[in-house]
Amino acid sequence: LCSTISVMKKILFYGALLAMPVITLLSSCSEEKDDFRGEGRVFINTAISSDVKVVSRDASEDLASSCIVWISSEKGLVRKYEGINNVPADGIKLVGGRYIAEAWAGDSVSASWDARYYKGRQEFTVTSGDVTVNLQCKIANVLASVKYAASVDDALSEYKMTVSHDRGSLTFEGKDSRVGSFMMPSTDKNLAWKLEGKDFKGNAFVKEGVIENVQPAHQYVLNVQYTPSSSSSGGGYLTIEVDDTEVVIKD
């Protein structure tokens, strides 16, 4: 019995020795393959595209300094920079492969009159030599505003418009010309609106609706109009039409 056990140990030991050169060979091949991936220098040009009408020069500079730039590969995060000026101007050395450059700037607020949020994403491949990546951060908010025809004053008083989604709302009091910005939650793809006021008899007036499937970087203008009735009984028609326009941007 003892002799048999001794033989088995020798067989296992020799088997392990035979396996070692194979493992070493495979490891060597893997390292050799990585050596041939090459290395390149990546230049990241990041631009923040902002609404011309609402963002000042100072605000644009604040956005640039708060901008976060990430470079990641299939293995995860490779580089991270805070502030556009901190991205190396002389390029970033990366081994050959496929990458994604992403950037974020501003404040991601559910509903706000002045906060804006910008983000960008660009895929690129490094082989050898220089690679230039143009990473443009576009506005990620959904914007909304309200316009009233002069005739609305003949039908309503003390009116206000509330625009909302699941996570936040903004109320436009009277002829408020401001532009509201919304970050849409994953649970809601629509903007709801509610017009309230008093009619010419002093009675409460409420009209509600939904703007479906709103898109980032789009401004939705709610145009409120009143058309008097041509009949002798008086009254009229109050309508709300929504204009969908892509936001005018500037780098």
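Extension gain for Ala64 to Arg167 (0.36 nm times residue separation, less C-alpha to C-alpha distance): 34.3 nm. Computed over the range 93-251, the range of Cα coordinates on each principal axis works out to 80, 27, 23 Å, biggest value leading.
Here the 3J(HN,Hα) profile of the range 122-127, calculated from phi with Karplus coefficients 6.51, -1.76 and 1.60 at θ = phi - 60°, is 8, 8, 7, 10, 10, 10 Hz, Gly and Pro shown as x. Accessible surface of Lys194, taken over heavy atoms with a 1.4 Å probe and every protein chain present, rounds to 70 Å².
Rounded to 0.05, the FRET efficiency of the Glu39 and Asp107 pair, given R0 = 35 Å and the Cβ-Cβ distance, is 0.40.
Largest to smallest in accessible area, the residues Leu195, Leu77 fall in the order Leu77, Leu195 (1.4 Å probe, all protein chains included). For Val87, nonlocal amide neighbours, meaning residues 5 or more places apart or on other chains whose placed amide H falls under 5 Å from its own, do not occur. Placing a pseudo-label 7 Å from each Cα along the Cα-to-Cβ vector at Asp243 and Glu212 gives an inter-label distance of 2.4 nm. At an R0 of 45 angstrom, the distance between the Cβ atoms of Glu196 and Asn85 translates into a FRET efficiency of 0.40. Shown are Tyr237, Tyr118, Tyr81, whose ranking by accessible area with a 1.4 Å probe and every protein chain present, most to least, is Tyr237, Tyr81, Tyr118. Compactness ratio for the range 44-173: Cα radius of gyration over 2.2 N^0.38 Å (N = residue count) comes to 1.44. The modelled label-to-label distance between Ala204 and Glu74, using points 7 Å beyond Cα along the C-beta direction, is 6.1 nm.
The values are calculated or read from the model by the stated rules, or taken from the named source; none is laboratory data. Just so we're clear, the structure is a prediction, and the values are computed from it rather than from any experiment. For neighbour counting, all protein chains shown are included, and Cβ atoms are generated from backbone atoms with ideal geometry for every residue, glycine included. Just the protein is used for accessible areas: all its heavy atoms, side chains included, with ligands, DNA and RNA removed. Shrake-Rupley method; radii C 1.70, N 1.55, O 1.52, S 1.80 Å.
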